[in-house]
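Peer 1: Dropping the structure in here first, questions after.
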Amino acid sequence: MAMEAGEIERLIKEGLPDASVEIRDLAGDGNHYAATVIAESFRGKSRVQQHQMVYAALKGQMGGILHALALQTNVPD
C-alpha cells in the first residue's frame, strides 16, 4: 500500500510545526517521493541531523509504507 503525499506532509508538519513542506511524487506510483522541508528548527543543525528530524517526524514509516524519499532540508532565508 502506498502513502499519499498529503499524509507525508501532515506527518512532517505535525513533527516540525514551523516547517514549510513541499512534496513531489517522482514516479507517479505513490512510492517514490521528493520532499523539500524548510524549518527554523533546523538552524545550527547538520544536514544529517536535519534529515533525522524529518525521519523522526515520519514516525517509522520510512522504509515501510513509504518506500523512498529524496530529502532536501534548509533553514529559511
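The values are calculated or read from the model by the stated rules, or taken from the named source; none is laboratory data. Just so you know, these numbers come straight off a predicted model, no measurement behind them. Neighbour counts are summed over all protein chains in view; Cβ atoms, including those assigned to glycine, are modelled from backbone coordinates with ideal geometry. Areas reflect the complete protein model, heavy atoms only, side chains present, ligands, DNA and RNA absent. Shrake-Rupley method; radii C 1.70, N 1.55, O 1.52, S 1.80 Å.
Peer 1: Filter the range 39-77 for residues that are in a strand (DSSP E or B) and in contact (Cβ under 8 Å) with a residue 12 or more places away in the chain; which is most open to solvent (accessible area, probe 1.4 Å)?
Peer 2: Result: Q72.
This table checks each residue for (1) small (G, A, S); (2) at pLDDT 95 or above; (3) in contact with a strand residue (DSSP E or B) (Cβ under 8 Å, 6 or more places away or on another chain).
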{"site": "D18", "(1), (2), (3)": "no, yes, no"}
{"site": "R43", "(1), (2), (3)": "no, yes, no"}
{"site": "Q50", "(1), (2), (3)": "no, yes, yes"}
{"site": "Y55", "(1), (2), (3)": "no, no, yes"}
{"site": "L58", "(1), (2), (3)": "no, no, yes"}
{"site": "H67", "(1), (2), (3)": "no, no, yes"}
{"site": "P76", "(1), (2), (3)": "no, yes, yes"}
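Peer 1: Tell me which of these T36 doesn't satisfy, since it passes every other one: (1) outside any strand (DSSP E or B); (2) modelled with pLDDT of 95 or more.
Peer 2: (1)
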